[in-house]
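A short worksheet on the structure shown next.
The values are calculated or read from the model by the stated rules, or taken from the named source; none is laboratory data. Remember, predicted model here, so these are calculated numbers, not experimental data. All Cβ positions, glycine included, derive from the backbone under ideal geometry; neighbour counts span all protein chains shown. Side chains included, ligands, DNA and RNA excluded: accessible areas come from the protein's heavy atoms. Shrake-Rupley method; radii C 1.70, N 1.55, O 1.52, S 1.80 Å.
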Amino acid sequence: MDTVIGVQYKDGVIIAADQANARSILIYQSNLDKIKQLTSHSAMGVSGPNCDLVQFTEYISKNLQLYELRHEGTKLSTKAQANFCRNELAVALRKGPYQVSALLGGFDLTTQKPSLYYLDYMGTLQKVPFGAQGYAQYFTLSTMDREYRENLDETAALDIIGKAIHELQSRFLIKQNNFIIKVIDQDGVRVHSQGADPADT
Amino acid sequence: MSYDRAITVFSPDGHLLQVEYSMEAVRRGSTVVGIQGKDCVVLAVEKRATAKLQDDRTIRKIFSIDDSTVLAFAGLTADARVLIDRVRVEAQSYRLIMEDAPSAEYLARFVAEIQQKYTQRGGVRPFGIATLLTGLDPPNQRPVLYQTDPAGTHSRWKAQVIGGNNAKSLREFLEKQYTADLDEAAAVKLAVQALMEVVDSGAKTMEVCVVRTGGKREMLSESVVQSTVQVLEQEQQAAQQQQQPAE
C-alpha cells in the first residue's frame, strides 16, 4: 500500500514516498519519512511493514557507515550500495525475510553520475531510469514511461513526479495526502518538499 | 580449540611483566601529544622518517572511529589496526541500538576493556599500544581527551603524551606549560611545541588533528603547522638572545 516513486535526471535522482504508516484499516501515523538517507549522497525509499522498514534501513545505513570508516576516504558507489542491499535481502530471504521493497538513488562523486536502482523483497535488483513500488506501479509507470527522456533537468524530473502523484491522487482508491520528496545530487541529499513534518514533536 | 595456558601471569613481587613489557613496546612507538582546549582537543603525532620507496600517505596514526571520535596510538601498528576495527564496529552498533552517538568515555572504556581482557586470557598477549582518544562529552558536546594503556586502564586527561622515549619529560613540560581554557590556536601551539622537543623541526615530521565542539574535525594542513613551527622557533631564538646579555 506504500507508494514509492523515483526518477533519475541528468544531475541527480528524485525519490518520493507517501507518508502514511498504516495497517489494515488503521492509519497509525501520517508523517512518516520512508526515504532513509544511507550515505552522504544516497537515499533509499522503502515500502513494507514498518518493523522491517526500520530494521532493514538502519542496518544497511550503519553498515555502509562502518564500511566508509573502515576504508578511510573511500565512498561506496551507488551500484555497490545497491548490491550490498540486494545481498542482504537475498540472504535473509531463506531465513527471516525482510518484506521490504525499495528504490535506491545515489549520486557518485567520482563519476559525477546519478543512478537509481529497483530492489524488491525477493532479492531483485535492477538499474532503472525511473521506477515505482507498490500499487503505485500500476498507476504511475505508464505516465513516467511517457514523460521520461534522457538528460532531464531537475525541474522536468520534479514535474514528472508531480504528474505521477497527481495520477495516484485521482485514481488510486487509497487517499495518500502527504508525500515527502527528496533530491539526491552533487550536494548530497535534501528534502524538496514534505506533506507533514516527520519530526516527532 | 581454545588455549587455556595463560601467558600473562604475576611475578613474585606482584608485577604483570607481560603488561610492563608491552608498555616498553609503546615507548618504542612514535610520540603522540593530546591537549584539551576550551572548545577543542588537539592531537599531534610524530611522523617518523619512512623509507624512500615507501608511500608515506599510507602510514597513518590518526584514525576516525566515528563521526565525532578520533583515535591516535603509540606502539605496534598491527595491534592498533585490530583494536581500531573493533571500536569502529562498536560505535556503529551503539548508534544502531541507542540511536545516539557513543560518548568518548564509552568508547575509551570499550577499548580499555578489550586491552584488559587480553591480559587475563589463555594463549594471548597484551596489545602493544596505548591510545589517545578524543570524542564528545554528551551534555555539552565539548571534545574531551581519554587515554588507554596496555594494562587496560582508561582515564581522562587535560594534556597527555604517549609513546617515544621522552614521554616522561614531555609530561613534565606539559604540566608546567598547560593552562585551562586554551583557545584553539594556543592549544595547537602547545601541542606543536611539545612535539618539537622530540622531532626534527619542521612540519613534515608532524601531523596535527583538531576536534572541535559539535564534532567537526580537521587535519591541519602542512602550511598551518609550518607557520606555527616558525613562530615557535622565532620565540625560542628571541628568548635565547634575551638571556645572552645577562651573562
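So, A:Phe84, is that one within 14 Å of chain B (Cβ to nearest Cβ), part of a helix (DSSP H, G or I) and modelled with pLDDT of 95 or more or not?
no
When the stretch B:32-51 is examined, which residues are found to be part of a loop (DSSP other than H, G, I, E, B) and either more than 11 Å from B:Thr205 (Cα to Cα) or within 14 Å of another protein chain (Cβ to nearest Cβ) (or both)?
B:Gly37, B:Lys38, B:Asp39, B:Ala51
Mind counting the residues in the stretch A:32-80 that are buried (at least 18 other Cβ atoms within 10 Å of the Cβ), among the β-branched types (Val, Ile, Thr) and closer than 20 Å to A:Gln133 by Cα?
5
Taking A:Asn83 and the conditions (1) within 22 Å of A:Asp33 (Cβ to Cβ); (2) surrounded by fewer than 17 Cβ atoms within 10 Å (Cβ to Cβ), which numbered condition does it fall short on, given that it satisfies the others?
(1)
Checking B:Glu207 against (1) assigned to a strand (DSSP E or B); (2) open to solvent by 50 Å² or more (accessible area, probe 1.4 Å), only one condition comes out false. Which one?
(2)
Show the residue pairs meeting these rules: Cβ distance below 8 Å; 6+ apart or different chains; first residue within the stretch A:95-120 and at positive phi; second residue exposed (fewer than 15 other Cβ atoms within 10 Å of the Cβ).
A:Gln112/A:Gln186
If the requirement is being within 19 Å of A:Val183 (Cβ to Cβ), within 15 Å of the chain's Cα centre (by Cα) and of a type in the set (Gly, Ala, Ser), which of these qualifies: A:Gly48, A:Gly131?
None of the other options fit; the residue is A:Gly131.
Is there any pair with a first residue in the stretch A:184-201 that is within 19 Å of A:Ser77 (Cα to Cα) and a second that is of a type in the set (S, T, N, Q) and loosely packed, with under 13 Cβ neighbours inside 10 Å whose Cβ atoms are under 9 Å apart and which are 6 or more apart or on different chains, and what are they?
Listed by first residue and then by second, the contacts come to A:Gln186/A:Gln112.
Within the stretch A:1-74, considering only strands (runs of 3 or more DSSP E) that don't extend past its boundaries, which have at least 2 residues that are away from every other protein chain (no Cβ under 14 Å)?
A:4-9, A:12-18, A:21-23, A:26-29, A:42-47
For B:Asp200, all conditions in the list (1) part of a loop (DSSP other than H, G, I, E, B); (2) over 21 Å from B:Ala104 (Cβ atoms); (3) touching a helix residue (DSSP H, G or I) at 6+ places or on another chain (Cβ under 9 Å) hold save one; what is the number of the exception?
Result: B:Asp200 fails condition (3) only.
Kindly indicate which of B:Lys189, B:Lys176, B:Lys168 is in a helix (DSSP H, G or I), surrounded by 17 or more Cβ atoms within 10 Å (Cβ to Cβ), at negative phi and basic (Lys, Arg).
Unique residue meeting the criteria: B:Lys189.
Restricting to the stretch A:127-150, name every residue that is in contact with an Asp or Glu (Cβ under 9 Å, 6 or more places away or on another chain) and within 26 Å of A:Lys75 (Cα to Cα).
Within the stretch A:127-150, A:Pro129, A:Phe130 meet the criteria.
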